[in-house]
Amino acid sequence: MPITQSAKKALRQSVKRKKQNLVKKEAYKDVAKNIKRFAASGNAKEAEKLLVALFKAVDKAAKTNAIKKNKASRIKSRLSKLVAKIKK
């Protein structure tokens, strides 16, 4: 347990930030999961609609440093390729 005031405050801050980061990470992971589900079933139109939501969620997570910039790019790239593949 933290003893000093600054350590107590740092603990409060880190707990709050962890919650916020988890919310942002779960947001893009849920969308990505749905895109993969639509891709597996061959539903390209629905998957393509969700790409916009995925880009928004991933960019928000990267902007607030919940995930790194390159990871955001990698996620967007891989799922875009997946949707393009089933679109053909």
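Equivalent-ellipsoid semi-axes (√(5λ), Cα gyration tensor) for segment 42-88, whole Å, largest first?
Whole-Å semi-axes of the equivalent ellipsoid: 23, 11, 5.
Taking the inverse of the mean 1/r over every pair of distinct Cα atoms in the chain gives a Kirkwood hydrodynamic radius of 14.4 Å. Where q = 0.21, 0.31 Å⁻¹, what log10 of I(q)/I(0) comes from the Debye formula for segment 25-68, counting one point per Cα? The Cα Debye sum returns log10 ratios of -0.61, -0.99.
Here the relative contact order of the chain, from alpha carbon pairs under 8 Å that lie six or more residues apart, stands at 30 percent.
What 222 nm value per residue comes from the helices of the chain, counting each DSSP H run with n ≥ 4 as -39,500 (n - 2.57) and dividing by all residues, nearest 500 deg cm²/dmol? Mind dumping the intermediate values first?
Values: 3 runs with 76 residues, N = 88.
Roughly -30500 deg cm²/dmol at 222 nm, from the helical runs in the chain.
We did not get these values from a lab; they are worked out from the coordinates using the rules stated. Quick caveat, the model's predicted, so the values are computed rather than measured.
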